[in-house]
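For reference, the structure is listed below as structure tokens.
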Amino acid sequence: MAMARSFLQVAATEELLGLDVGSVLELTNCFPFPIREEDEENEAEGANYQLDMMKCLREVNVDNNTVGWYQSTLLGSFQTVELIETFMNYQENIRRCVCIIYDPSRSNQGVLALKALKLSDSFMELYRSNNFTGEKLREKNLSWVDIFEEIPIKVSNSALISAFMTELEADTPVTQCDYDRLQLSSNPFLERNMEFLIECMDDLSMEQQKFQFYYRSLSRQQSQQQAWLQKRRAENAARKAAGEEPLPEEDPANPIFKPVPEPSRLDSFLITNQMANYCNQINGVAGQNFSRLHLMKALHEN
């Protein structure tokens, strides 16, 4: 979390280590990945760094079983194709893996914005087939809310850490987090959410234009097929009257019989999911602001 707060504009990522015990996935340790520029990224170098770190942790008797990864986000902007691809790569070797999402900008509002996510089994099956057509989605009964599953989180510290934190606590019962919850100014947070929401609406509009073009192309192709079929039937009627063999009513070599590829609905699903996340954040912050305003009004009256 400290790394995420230090690099608000850059997504910080860390490897999560722990144990898979029964129905509980215990996260006991982690180590960060180095932040590189795009032109310096090297997959082999990153894999070697990861193996070296796990080897060092094993030598000091620390849990070194990979159970997922952690990543920071800005205002909840994490629902991307890249996140899904990372999930699929992890789950090739680790069946039960999670991604811990931390939002430092949301936490500045006095709320611990921490959640654990995994991909739903039905979505992973569909993603492997790479078939996100409307017919397949209806067959699987899959909607945009079925992509991710949120897993309950229980944060606990060891006895030594709890004792140490108790020693560090000030005598005053009020902490900085308590003061953060009473901040009345949340305009920057709401403005950024609205800006991101508008961008998502523009992206969703572009996706809808793709589908409109697809359906127009499909309708035009069906009209061409009907016209060609009527012409071929009239020709076959003339050939039959002349005692000749009729021609087939379908010609696979004809371009009008080639299926029009349907656009994938994955991007529109992710955009819709992201829009719902922004709306929930705006709704939550606006509700808290009203409560604070009523509280301050009551204090002033007293």
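The values are calculated or read from the model by the stated rules, or taken from the named source; none is laboratory data. Model, not experiment: these values are computed from the prediction. Cβ atoms come from the backbone with ideal geometry, glycine included; neighbour counts cover every protein chain shown. Keep in mind that these areas ignore ligands, DNA and RNA; they rest on the heavy atoms of the full protein, side chains included. Shrake-Rupley method; radii C 1.70, N 1.55, O 1.52, S 1.80 Å.
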What figure, in Å² to the nearest 10, do you get for the accessible area of LYS140 with a 1.4 Å probe and non-protein molecules left out?
70 Å²
Interchain or sequence-distant (5+) residues whose placed amide H lies within less than 5 Å of the amide H of GLY68 are LEU16, VAL98
Per the charge dipole of the chain (beta-carbon charges, Lys/Arg positive, Asp/Glu negative, Cα centre), the residue among PHE189, THR86, PRO248 reaching farthest to the positive end is PRO248
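If you filter region 196-302 for GluC sites (Glu not before Pro), then keep DSSP loop positions with at most 15 other Cβ within 10 Å, what is left?
On the way: sites: GLU199, GLU207, GLU235, GLU244, GLU249, GLU250, GLU301; in loops: GLU244, GLU249, GLU250.
Filter output for region 196-302: GLU244, GLU249, GLU250.
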Reported to the nearest 10 Å², ASP52 has, with a 1.4 Å probe, an accessible area equal to 90 Å²
Once both axes come from the Cα atoms, what is the angle between helix 266-301 and the longest principal axis of the chain, in degrees from 0 to 90, rounded to 10?
40 degrees
From phi via Karplus (6.51, -1.76, 1.60), per-residue ³J(HN,Hα) for region 136-150 in Hz, x at Gly/Pro:
5, 5, 5, 5, 8, 6, 10, 10, 5, 7, 9, 6, 10, 10, 8
Residue-by-residue Karplus 3J(HN,Hα) for region 198-208, coefficients 6.51, -1.76, 1.60, Hz, glycine and proline x:
5, 4, 5, 5, 5, 5, 5, 5, 5, 5, 5
Have a look at ASN236, PRO259, PHE269 and report the one farthest towards the positive end of the charge dipole of region 231-282, computed about the Cα centre with Cβ charges (Lys/Arg +1, Asp/Glu -1).
ASN236
Would you give the gap between the C-alpha center of region 217-273 and the C-alpha center of region 280-302, rounded to a whole Å?
61 Å
When the helices in the chain are scored as -39500 (n - 2.57) per DSSP H run of 4 or longer and the sum is shared across all residues, what 222 nm value do you end up with, to the nearest 500 deg cm²/dmol?
-17500 deg cm²/dmol
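Please calculate how many Å² of accessible area the chain carries per residue, with a 1.4 Å probe and no DNA, RNA or ligand atoms counted. Please report the intermediate quantities before stating the final value.
Numbers: 19860 Å² over 302 residues.
Per-residue value: 66 Å².
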FRET efficiency for GLN226 and ASN130, using Cβ-Cβ distance with R0 set to 35 Å, rounded to 0.05:
0.65
Once both labels are modelled 7 Å past Cα along the beta-carbon direction, what's the VAL155-TYR214 spacing in nm?
4.1 nm
Out of the total accessible area of the chain (probe 1.4 Å, heavy atoms of protein only), what percent is carbon and sulfur?
53 percent
Can you give the angle from 0 to 90° between the axis of helix 43-59 and the longest principal axis of the chain, with both taken from C-alpha atoms, to the nearest 10?
40 degrees
Mean separation of Cα contacts under 8 Å, 6 or more apart, over the residue count of the chain: relative contact order %
17 percent
What distance in nm separates the simple spin-label points at LEU168 and ALA234, each placed 7 Å from Cα in the Cβ direction?
8.6 nm
Note the angle between two axes, namely the Cα long axis of helix 81-91 and the longest principal axis of the Cα atoms of the chain, as a number of degrees from 0 to 90, rounded to the nearest 10.
80 degrees
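What's the FRET efficiency of ARG96 with ARG192 using the Cβ-Cβ distance as r and R₀ = 30 Å, to the nearest 0.05?
Details: r = 34 Å, r/R0 = 1.14.
With R0 = 30 Å, the Cβ-Cβ based efficiency is 0.30.
How large is the charge dipole for the chain, taken about the Cα centre, if only the Cβ atoms of Lys, Arg (+1) and Asp, Glu (-1) carry charge, to the nearest 20 debye? Don't skip to the end; give the middle numbers.
On the way: 28 positive and 45 negative charges, 280 e Å.
My answer is approximately 1340 debye.
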Which one, (i) 0.95; (ii) 1.44; (iii) 1.76, gives Cα Rg over 2.2 N^0.38 Å as derived from the coordinates shown?
(ii)
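Sort GLU245, GLU149 by accessible area with a 1.4 Å probe, largest first. Write down the numbers at each step before the final one.
Working: GLU245 145, GLU149 80 Å².
Largest accessible area first, the list is GLU245, GLU149.
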